[in-house]
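Below: one structure, written as structure tokens.
Derivation of every value follows stated rules applied to the coordinates shown; laboratory data play no part. Note that the structure is a prediction, hence the values are computed from the model and not measured. Neighbour counts are summed over all protein chains in view; Cβ atoms, including those assigned to glycine, are modelled from backbone coordinates with ideal geometry.
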Amino acid sequence: MALATRSSQACMPAMIESLVVRLGFPHYRIELLIPLGISLLRVGQVLYYVLATFFIAHLYDRALDMQAVAIILLGSILAGFASTGMSGLLVLSMISLVCNFLALPFEAALALFVAVEPVSDVVRTLVSVAVNSAWAAAVCGRPEPMPNDVPHAETAPVPAGEAAC
């Protein structure tokens, strides 16, 4: 679904259905955590901003020390929150926010990012959906027992004179 739609929001019903029906997690937790994670846990976008900034720094042969890496990580997290609800080329504008913290020129690399945007958008969505599903499952803990895990009536001894249900 993430590959076809390139939208994390469109994947929410499928994520909820797979975690609740197929894996047995409690619906009241999953139905809260999945929308919350899609809105706030923007891992795909943050990862994209980090990698794009490292690419631009490497493109201009700029050495990055630990302070610069920390600035990139913090700036990417802030840009990830700021990019909530954005899609397409608007997401690319947030890379300039991170690059401005380090005085890296973003404008020259913009054409490269526009060229690979359709592919990177699919990967960002896939990463976001996978991480949000894993996050919701980790927060919920152990899944509830599935109906298949309950012993069947045929295996229980039936008292004499009664029919099995």
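Some points to look at:
- L90-A63 pseudo-label distance in nm [points 7 Å out on the Cα-to-Cβ vector]: 4.0
- Between L36 and I77, residue separation times 0.36 nm minus the direct Cα-Cα distance comes to 13.1 nm.
- For the range 8-142, the calculated P(r), taken from all Cα-Cα distances in 10 Å bins from zero up to the bin holding the longest distance, is 12, 39, 27, 16, 6, 0 percent.
- Efficiency of FRET from Cβ geometry, A70 and A10, R₀ 41 Å, rounded to 0.05: 0.75
- The chain: relative contact order as a whole-number percent, Cα under 8 Å and 6+ apart: 35
- Lys, Arg +1 and Asp, Glu -1 on Cβ, resulting dipole of the range 8-142 about Cα centre, debye, nearest 20: 420
- Mean residue ellipticity at 222 nm, helices only, the chain: -21000 deg cm²/dmol; runs of at least 4 DSSP H residues each add -39,500 (n - 2.57), and the sum is divided by the number of residues.
- Rel. contact order, % - alpha carbon contacts under 8 angstrom, at least six apart, the range 6-93: 28
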